[in-house]
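The values are calculated or read from the model by the stated rules, or taken from the named source; none is laboratory data. Owing to the predicted nature of the structure, the values given are computational and were not obtained by experimental measurement. Glycine also receives a Cβ, built like all others from the backbone with ideal geometry; neighbour counts cover every protein chain displayed. To get the accessible areas, we keep the full protein, side chains included, count just its heavy atoms, and leave off ligands, DNA and RNA. Shrake-Rupley method; radii C 1.70, N 1.55, O 1.52, S 1.80 Å.
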Amino acid sequence: MARIQFLLPHVFHALMYNARVRRNYRQQIAEAWDLARAAPSINVDEAVALWQFETDRLNGLATKGAAVLAADALVGAGVATQTKSDGLAMYACIACIVYLVSAAVAACLAQMPTKRYAVQPSNVLDGTAATEMVAVVIANEPLGIQLQNLVYVSVRDTFAALVLLLVALISNLVC
């Protein structure tokens, strides 16, 4: 069963897992500011480094999602050239389209606007910036996990679609 599941497009698995992540982290998000404020003292430089790393990571994941959409367009153009296929090539093209749709859905979901927590300028003025940065990182953790899952699925399924496109191309060349 696990081998069959491994071969299927993963967008639905990612969506189900992301729903569990949202449920499991709901309490942590609610307590993020209490957790950060309960710390005895927070080093400002370490808080800035942590916050900057997480912000860059989230932005990088979103950028990868956009790049995968471009790759999906190229694979889709390749599939469009195989419309007269039959036999193995036809089945490979159909499977390629299924994986391509899964990858594109995951990449589009990674690109959708989501709720992100941010540090406000008022936090700098009132001296709570370090605490707020740590709280923002804690609160954005589930979003990072969800984005990472979607980007992984989009890359994985795009690769599977590309392999299937190559199978279709080779099958058409041989037959």
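Key figures
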{"read-out": "Exclusive hit being open to solvent by 60 Å² or more (accessible area, probe 1.4 Å) and part of a helix (DSSP H, G or I), set Ala92, Ala66, Ala139, Ala73", "value": "Ala73"}
{"read-out": "Total residues in the stretch 120-136, condition part of a helix (DSSP H, G or I) and either farther than 27 Å from Arg22 by Cβ or among the aliphatic types (A, V, I, L, M) (or both)", "value": "10"}
{"read-out": "One residue from Ile4, Ile42 being modelled with pLDDT under 90 and surrounded by fewer than 14 Cβ atoms within 10 Å (Cβ to Cβ)", "value": "Ile4"}
{"read-out": "Filtered residue count, the stretch 66-87, keeping only those that are in contact with a helix residue (DSSP H, G or I) (Cβ under 6 Å, 6 or more places away or on another chain) and either under 30 Å from Asn123 (Cα atoms) or at pLDDT below 90 (or both)", "value": "2"}
{"read-out": "Criterion: without any contact (Cβ under 8 Å) to a residue 24 or more places away in the chain and not in a helix (DSSP H, G or I) - qualifying residue of Asp86, Asp56", "value": "Asp86"}
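Yes or no, residue by residue, for (1) over 30 Å from Val44 (Cα atoms); (2) outside the structural domain of Tyr91 (by the TED database); (3) open to solvent by 60 Å² or more (accessible area, probe 1.4 Å):
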position	(1), (2), (3)
Ser122	no, yes, yes
Met133	no, no, no
Val151	yes, no, no
Thr158	yes, no, no
Leu164	yes, no, no
